[in-house]
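Asks: Supplied in structure tokens, the structure appears directly below.
The values are calculated or read from the model by the stated rules, or taken from the named source; none is laboratory data. No experiment lies behind these values; they were computed from the predicted model shown. Note that we place each Cβ from the backbone using ideal geometry, even for glycine, and neighbour counts take in every protein chain shown. These accessible areas exclude ligands, DNA and RNA; they are computed on the full protein's heavy atoms, side chains included. Shrake-Rupley method; radii C 1.70, N 1.55, O 1.52, S 1.80 Å.
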Amino acid sequence: VQLQASGGGLVQPGGSLRLSCAASGSTFSINSMAWYRQAPGKQRELVTSITSGGSTNYADSVKGRFTISRDNIKNTLYLQMSSLKPEDTAVYYCSAYLSPVRYWGKGTLVTVSS
């Protein structure tokens, strides 16, 4: 599976941004997909995930502000981010899990700053 994330950029606090992740390859075997992020000097953390059945999970820090979704026809994963805060600044990574392997795409940088 190959993953290509896009949509990062500079946004002001309180603003919105949508990330996309295009998947290719053995996409029919994907069990779940997720967005992770890594802020400067910090470990990579799980932001949100979605199963093949559509069940979602969110980190407490983004609940109510971020929404994960997937378009199975386009094989694309999305992350709608709203009410962005400076602490959301990080490199965001798209990930796909095909048991027993987790695949990673290259990250896309999101900077929240005035």
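Asks: Ignoring ligands, DNA and RNA, please state the percent of accessible area on the chain from carbon and sulfur, probe 1.4 Å.
Replies: Carbon and sulfur atoms account for 48 percent of the accessible area of the chain.
Asks: Once label points are set 7 Å from the Cα along Cα→Cβ at both LEU109 and ALA39, what is their separation, rounded to one decimal in nm?
Replies: The two pseudo-label positions are separated by 1.7 nm.
Asks: Are there any trypsin sites (Lys or Arg not before Pro) in region 27-93 that are in a DSSP loop and have at most 13 other Cβ atoms within 10 Å? List them by number.
Replies: In loop regions of region 27-93 (DSSP not H, G, I, E or B), the sparsely surrounded trypsin sites (Lys or Arg not before Pro) are LYS42, LYS63, LYS74.
Asks: Continuing with this model, one more query. Kindly provide log₁₀ I(q)/I(0) values, in the same order as q = 0.24 Å⁻¹, from the Debye equation applied to equal alpha-carbon scatterers of the chain.
Replies: -1.44
Asks: With labels modelled as points extended 7 Å from the Cα through the Cβ direction, what inter-label distance (nm, one decimal) is found for SER16 paired with LYS85?
Replies: The answer from the label model is 2.0 nm.
Asks: Rounded to the nearest 5, what % of the DSSP beta bridges within the chain are antiparallel ones?
Replies: If I count the DSSP bridges inside the chain, around 90 percent turn out antiparallel.
Asks: Taking only protein heavy atoms into account and a 1.4 Å probe, give the accessible area per residue of region 35-114 in Å².
Replies: Per residue, region 35-114 has an accessible area of 55 Å².
Asks: At what distance in nm do the modelled label points of VAL101 and SER52 sit from each other, each positioned 7 Å from its Cα along Cα→Cβ?
Replies: Between VAL101 and SER52, the label points sit 1.6 nm apart.
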